[in-house]
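S.K.: One structure follows; several queries about it will come next.
The values are calculated or read from the model by the stated rules, or taken from the named source; none is laboratory data. Model, not experiment: these values are computed from the prediction. Because the Cβ atoms are built from the backbone with ideal geometry, glycine has one as well, and the counts that use them run over all protein chains shown. In case anyone asks, the SASA skips ligands and DNA or RNA and just uses the protein heavy atoms, side chains included. Shrake-Rupley method; radii C 1.70, N 1.55, O 1.52, S 1.80 Å.
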Amino acid sequence: MVHVVIQTRFSFFGKSGWRTADTMTPEILFEPRRLDSRLDLFEKIALASLATQEDRDFHLAVLSSRQMPKPYQTRLRELCHDTLGEDRASVVFRAPGHAPSFLRRFVHDNYDPTEPMAQVALDDDDGLAKDFVATAKIETEAALKLLYDDDEAVYLSFARGLSLIIGQDAPQIAPRLAPFNNQGLILAAPAGTMKNPYNTSHKMIPKRRPSRSIATKRPFYIRAVHDSNDSKALVEKDRLTAEEIAAMAQYFPFLPDLMQQNIRLNAA
């Protein structure tokens, strides 16, 4: 049986694989308006996508900062537990350190090291298609049976997704094709591996790691694009029509409602 652990960093202060002004100072990272905005995005996109998974046999591991104000720690924990249940979501708060190491430790402490696992990277403002968990299990099992290299692990990336553009008069949707993107990046390996999906540059994966880019005609993820992104995002010029967006509900049931909501972006 393949285990699926979805790993999310939420306002973690430490070495985390990306560099923005928000990550450099606690004063900015834990500013109340910013935290309100990040919680809003997390609830409406990432958690909404996990709540609609057809295969509910997965675990969400959220890494956040011990320095984050206690009321926000409580809100984050309650939001995860209210959405998925305490048995399917863990929120850990750690002092400044190396995010991949903390996430690796969580896996090692909670799973048999010999069992196959899909460790999935999911940023707090991105979402996954409703069949992502089910598909991740199938692809992980197949990948581990077809190891062409002397390695225990394979990185899997779904190339096609959607860009959710926030900051206009109303949210917009654009098609996205990005091989070896970070949204839903899967590390297929035994649970005891020392590797972690956040411990490598996703753009360099095909050069450095055994890997596969899975190109489909349909999208498997949503990538939020806004002024407070942690990294630059390339966005295609085309925009989906209202009819096309409605059709995407077959993959992202929460998307039509999301397009009607007021998404707060108060972060600098």
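S.K.: Quickly run through the range 163-179 and pick out the residues that are part of a loop (DSSP other than H, G, I, E, B), surrounded by 16 or more Cβ atoms within 10 Å (Cβ to Cβ) and small (Gly, Ala, Ser). Quick ask: steps written out before the conclusion?
M.R.: In the first step, residues of the range 163-179 are kept if they are part of a loop (DSSP other than H, G, I, E, B); the result is 166-171, 178-179.
Of the ones still in play, those that are also surrounded by 16 or more Cβ atoms within 10 Å (Cβ to Cβ) are 166, 171, 178-179.
Within the range 163-179, just ALA178 meets the criteria.
S.K.: Run down ALA134, ALA188 and say which single residue is crowded, with 23+ Cβ neighbours inside 10 Å and at pLDDT 95 or above. Explain how you work it out, then say what you get.
M.R.: Values: ALA134 fails: crowded, with 23+ Cβ neighbours inside 10 Å.
That would be ALA188, the only listed residue that is crowded, with 23+ Cβ neighbours inside 10 Å and at pLDDT 95 or above.
S.K.: Here is a follow-up. Pull out all pairs, ordered by first then second residue, where Cβ-Cβ is under 7 Å, the residues are six or more apart or on different chains, the first lies in the range 100-111 and is in contact (Cβ under 8 Å) with a residue 24 or more places away in the chain, and the second is exposed (fewer than 13 other Cβ atoms within 10 Å of the Cβ).
M.R.: ARG104/MET194
S.K.: Check the range 96-103 and report whether any residue there is open to solvent by less than 50 Å² (accessible area, probe 1.4 Å), in a strand (DSSP E or B) and among the small types (Gly, Ala, Ser). Give the steps one after another, and end with the answer.
M.R.: First, pick out the residues of the range 96-103 that are open to solvent by less than 50 Å² (accessible area, probe 1.4 Å): 97, 99-103.
Within this subset, residues satisfying the condition of being in a strand (DSSP E or B) are none.
The answer is no; no qualifying residue exists.
S.K.: I've got another one for you. Of the conditions (1) over 24 Å from PHE12 (Cα atoms); (2) outside any loop (DSSP other than H, G, I, E, B); (3) of a type in the set (Gly, Ala, Ser), SER64 fails just one. Which one is it?
M.R.: So SER64 meets the others, but not (1).
S.K.: Applying the selection to the range 191-205, what residues are of a type outside the set (D, E, K, R) and at pLDDT below 85?
M.R.: Applying the first criterion (of a type outside the set (D, E, K, R)) to the range 191-205 yields 191-194, 196-202, 204-205.
Within the range 191-205, just HIS202 meets the criteria.
S.K.: Shifting gears a bit: Residue check, GLN119 against (1) open to solvent by 10 Å² or more (accessible area, probe 1.4 Å); (2) in a strand (DSSP E or B), all met but one. Which one?
M.R.: (1) is the only condition that GLN119 fails.
S.K.: Considering only the range 37-86, how many residues are farther than 27 Å from ALA118 by Cα, in contact (Cβ under 8 Å) with a residue 40 or more places away in the chain and either aliphatic (A, V, I, L, M) or open to solvent by 40 Å² or more (accessible area, probe 1.4 Å) (or both)?
M.R.: Looking only at that region, the number is 2.
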